[in-house]
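Peer 1: One structure is given below, represented as structure tokens, and several questions about it will come after.
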Amino acid sequence: MTELQMLIGEVPTDATPVDPGIISRWQGRLPELLLDVWRSYGFTSLAMGRLHLVDPEPFEPLMSYVFGGDRDLKDDTHTIAFGNFGELIVWSERHGWGMMSPVLSSLDMRNLTEAKPMPAELQIENYVLQATPEVFERYDAQGKPMHDRIKAALGPLPPGGLYATKYVTRDRNEELFVENYEITSAFEWLQEFYSSHQITLVDWMRDDPMVRKIKQR
């Protein structure tokens, strides 16, 4: 069994093959382990179908909008995956893995805030290939997980879809009820949400987790 099979398992039947030209475009800019996944598995789903690998290229205008002008993240931060509720996994060529959460409009990027950086390949292994489904979950007003109930109510996601509230809103109450969700285009929703909310860099290991606003000088 290869190293990738040990990390991921068998090749999923719904994976989208990646054109060699796309892999060449990102050679040297993204970790080799991620490119190996592209070669062997394509743009596949992880975390039991809750995280989806993508070509970063279509997301570059959004990344430029969100991170343009930021002293640490401008020009070299790329989308590598999205979650079923609109989470974005990004990769900074300088600082590595990051997770953007729409729940708190936050970016968790540990190599940017911690003193000792983690090797790039280990970040991909730990935070992407072996990410658990619970990372990509939503909870209702009673603190109970909603993903499987939303899936049962709406059906499985089509390629390029996600579960989202019917309006891009900051009213947290809307996000606490299964009936307020619908299936929508991931790309369109992500653009609308992340281009209309300022993102805060966070470090959940600190007593005060809020580090600074993205683009804050």
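Peer 1: Among 122, 40, 136, which residue has its Cα furthest toward the positive end of the charge dipole of region 34-185, with +1 on Lys/Arg Cβ and -1 on Asp/Glu Cβ?
Peer 2: 136
Peer 1: Per residue of region 87-99, what does 6.51 cos²θ - 1.76 cosθ + 1.60 with θ = phi - 60° give for ³J(HN,Hα)? Whole Hz please, x for Gly and Pro, Karplus curve as stated.
Peer 2: Going residue by residue, I get 5, 10, 9, 10, 10, 9, 5, 8, 10, x, 5, x, 10 Hz, with x marking Gly and Pro.
Peer 1: What list of ³J(HN,Hα) couplings, whole Hz, do you get for region 146-162 from phi and the Karplus terms 6.51, -1.76, 1.60, once you set θ to phi - 60° and write x for glycine and proline?
Peer 2: 10, 3, 5, 6, 5, 4, 5, 6, 9, x, x, 6, x, x, x, x, 8
Peer 1: How big is the shadow of the Cα convex hull of region 172-216, averaged over all directions, in nm²?
Peer 2: Seen from a random direction, the Cα hull of region 172-216 projects 4.8 nm² on average.
Peer 1: Here's something else I'd like to know. So, for the chain, what is the accessible surface per residue at a probe of 1.4 Å, expressed in square angstrom?
Peer 2: Spelled out: the 1.4 Å probe surface of the chain, per residue, equals 50 Å².
Peer 1: With N residues in the chain, what two-decimal value do you get for its Cα radius of gyration over 2.2 N^0.38 Å?
Peer 2: Cα-based Rg divided by the globular estimate yields 0.99.
Peer 1: Quick check: at a probe of 1.4 Å, how many percent of the accessible area of region 39-97 sits on carbon and sulfur atoms?
Peer 2: Ligands and nucleic acids excluded, carbon and sulfur reach 51 percent.
Peer 1: Same structure again: Rounded to whole Å and ordered largest first, report the semi-axes of the equivalent ellipsoid of region 59-165 derived from its Cα gyration tensor (root of 5λ).
Peer 2: The three semi-axes for region 59-165 are 27, 16, 13 Å.
Peer 1: At a Cα cut-off below 23 Å, give the lysines reachable from residue 74, other chains included and same-chain residues fewer than 8 away excluded.
Peer 2: Cross-link targets: 116, 213, 215.
Peer 1: Which ³J(HN,Hα) values in Hz, rounded to whole numbers, follow from the phi angles of region 21-32 under the Karplus curve 6.51 cos²θ - 1.76 cosθ + 1.60, where θ = phi - 60° and Gly and Pro get x?
Peer 2: So the J values, rounded to whole Hz, are x, 5, 4, 4, 4, 9, 4, x, 10, 10, x, 4.
Peer 1: So if the hydrodynamic radius of region 107-217 is defined as the Kirkwood radius over C-alpha pairs, what does Stokes-Einstein give as its diffusion coefficient at 4 °C and 1.567 mPa s, in µm² per second?
Peer 2: Estimated via Stokes-Einstein, D reaches 79 µm²/s.
Peer 1: Same structure again: Sum -39500 (n - 2.57) across every DSSP H segment of at least 4 residues in the chain, then divide by the residue count to get the 222 nm mean residue ellipticity, nearest 500.
Peer 2: -6500 deg cm²/dmol
Peer 1: Hey, what did region 19-88 get for relative contact order, percent, Cα under 8 Å, at least 6 apart?
Peer 2: 25
Peer 1: Probe radius 1.4 Å, ligands and nucleic acids left out: which of 144, 213 has the largest accessible area, and how do the rest follow?
Peer 2: So, going from the largest accessible area down, we get 144, 213.
Peer 1: Provide 40, 195 ordered by accessible surface of protein heavy atoms (probe 1.4 Å), highest first.
Peer 2: 40, 195
Peer 1: Could you order the peptides 22-32, 93-103 from most to least packed, using the average number of other C-beta atoms within 10 Å per residue?
Peer 2: Output ranking for 22-32, 93-103: 93-103, 22-32.
The values are calculated or read from the model by the stated rules, or taken from the named source; none is laboratory data. These figures come from a predicted structure and were not determined experimentally. Positions of Cβ are generated from backbone atoms using ideal geometry, with glycine treated the same way; all protein chains shown enter the neighbour counts. The protein model used for the area step is the full one, side chains on, heavy atoms only, and it has no ligands, DNA or RNA in it. Shrake-Rupley method; radii C 1.70, N 1.55, O 1.52, S 1.80 Å.
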